[in-house]
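> Once you've had a glance at the structure underneath, I'll fire off some questions.
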Amino acid sequence: YPEVRQYVLDQFSKMAKTDCDGVEMIFTRVTATVLFEKPFMDRFVAKYPGVDPRELPVADKRIVDIRCAIMTEFVEELRERLDRERAARGQKRVNIIARVHATVFNSKIHGFDVEEWAKRGLVDKLIAFMVLGNVIMIVSSILLYFGTRVIPADATMVKYVCFVLFYALYVIGYT
């Protein structure tokens, strides 16, 4: 919806005013960014009259192409707006980072045409969501909580070293 799009663009614009190095679009915390809302349906029906996209497989090329077009237009608008606003304030270009799904295929199904974004310079960094990272974070959290408790109280240095190692593992999982 145009109002939602404008609101999100405004939020990124506020962040970019702080002279930060970058803003990040985290697309992995939702199941889908573009489903079958009115703007999507209007485009789909105009292009494919008589076809109901809700009855097609989720990876149908017609659905994927329109989702990718909608999201690419959003990212393009974000890039242009942030570049224009930062230049007007004399600030350096802000990095736009996109956290997307682990594969190009999965990203595209959700409307994130990462290859196109990279080719056109719309984003500066792409971060692929990795399941392994979450597993590492869970294991390291358990180690942080329980692992340091089993070390005797008088072994402060060992406890400290273990804490640092477990936390480093957590950071590796997060990144």
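> Just to check your reading of the model, which residue among Arg67, Arg62 is of a type outside the set (Gly, Ala, Ser), under 19 Å from the mean Cα position of the chain (by Cα), at negative phi and not in a loop (DSSP other than H, G, I, E, B)?
Result: Arg67 is the single residue among Arg67, Arg62 that is of a type outside the set (Gly, Ala, Ser), under 19 Å from the mean Cα position of the chain (by Cα), at negative phi and not in a loop (DSSP other than H, G, I, E, B).
> What are the residues in the stretch 136-155 that are part of a helix (DSSP H, G or I) and open to solvent by 80 Å² or more (accessible area, probe 1.4 Å), if any?
Ile138, Ile142, Tyr145, Phe146
> I'm told Leu132 meets every condition in (1) at pLDDT 80 or above; (2) surrounded by fewer than 12 Cβ atoms within 10 Å (Cβ to Cβ); (3) not polar (S, T, N, Q) except one. Can you identify the failing condition by its number?
Status for Leu132: all satisfied but (1).
> Next question. Has the stretch 1-15 got at least one residue that is open to solvent by 80 Å² or more (accessible area, probe 1.4 Å), in contact (Cβ under 8 Å) with a residue 24 or more places away in the chain, out of contact with any Ser or Thr (no Cβ under 8 Å at 6 or more places or on another chain) and aromatic (Phe, Trp, Tyr)?
yes
> Looking at the structure I just gave you, is Leu143 at pLDDT below 85 and more than 19 Å from Thr28 (Cα to Cα)?
When the stated conditions are applied, Leu143 passes them.
> Would you be able to say whether some residue in the stretch 23-35 is at pLDDT below 95 and farther than 20 Å from Phe129 by Cβ?
So far as the stretch 23-35 goes, no, none of its residues is at pLDDT below 95 and farther than 20 Å from Phe129 by Cβ.
> Which one of these is open to solvent by 70 Å² or more (accessible area, probe 1.4 Å) and more than 30 Å from Asp42 (Cβ to Cβ): Val58, Val94, Val171, Val158? Working first, answer last.
Working: Val58 fails: more than 30 Å from Asp42 (Cβ to Cβ); Val94 fails: open to solvent by 70 Å² or more (accessible area, probe 1.4 Å); Val171 fails: open to solvent by 70 Å² or more (accessible area, probe 1.4 Å).
Exactly one of Val58, Val94, Val171, Val158 is open to solvent by 70 Å² or more (accessible area, probe 1.4 Å) and more than 30 Å from Asp42 (Cβ to Cβ), namely Val158.
> Out of (1) part of a helix (DSSP H, G or I); (2) surrounded by fewer than 13 Cβ atoms within 10 Å (Cβ to Cβ); (3) hydroxyl-bearing (Ser, Thr, Tyr), what's the single condition that is false for Thr72?
So Thr72 meets the others, but not (2).
> Does Asp42 meet the test of being open to solvent by less than 60 Å² (accessible area, probe 1.4 Å), among the acidic types (Asp, Glu) and either part of a helix (DSSP H, G or I) or closer than 20 Å to Val123 by Cβ (or both)?
no
> Being free of Cβ contacts under 8 Å to residues at least 60 places away in the same chain, within 21 Å of Phe12 (Cα to Cα), touching a strand residue (DSSP E or B) at 6+ places or on another chain (Cβ under 8 Å) and assigned to a helix (DSSP H, G or I) is true for just one of Ala87, Ala118. Which residue is that? Explain how you work it out, then say what you get.
Details: Ala87 fails: touching a strand residue (DSSP E or B) at 6+ places or on another chain (Cβ under 8 Å).
It is Ala118.
> With respect to Leu78, is the statement that it is open to solvent by less than 60 Å² (accessible area, probe 1.4 Å), in a helix (DSSP H, G or I) and out of contact with any strand residue (DSSP E or B) (no Cβ under 6 Å at 6 or more places or on another chain) true? Step through it out loud before you land on a result.
Numbers: open to solvent by less than 60 Å² (accessible area, probe 1.4 Å): yes; in a helix (DSSP H, G or I): yes; out of contact with any strand residue (DSSP E or B) (no Cβ under 6 Å at 6 or more places or on another chain): yes.
So Leu78 fits the description; yes.
> Mind telling me which of the residues Gly133, Gly111 ends up being in a loop (DSSP other than H, G, I, E, B), of a type in the set (Gly, Ala, Ser) and under 32 Å from the mean Cα position of the chain (by Cα)?
Gly111
> Let me ask something additional. For the stretch 97-108, how many residues meet the condition of being outside any strand (DSSP E or B) and either modelled with pLDDT of 95 or more or surrounded by 22 or more Cβ atoms within 10 Å (Cβ to Cβ) (or both)?
Qualifying residue count, the stretch 97-108: 2.
The values are calculated or read from the model by the stated rules, or taken from the named source; none is laboratory data. Just so it is clear, the model here is predicted, and its values are computed rather than measured. In this analysis, Cβ positions are derived from the backbone assuming ideal geometry, glycine residues included, and neighbour counts consider all displayed protein chains. The area values use the complete protein model at the heavy-atom level, side chains included, leaving out ligands, DNA and RNA. Shrake-Rupley method; radii C 1.70, N 1.55, O 1.52, S 1.80 Å.
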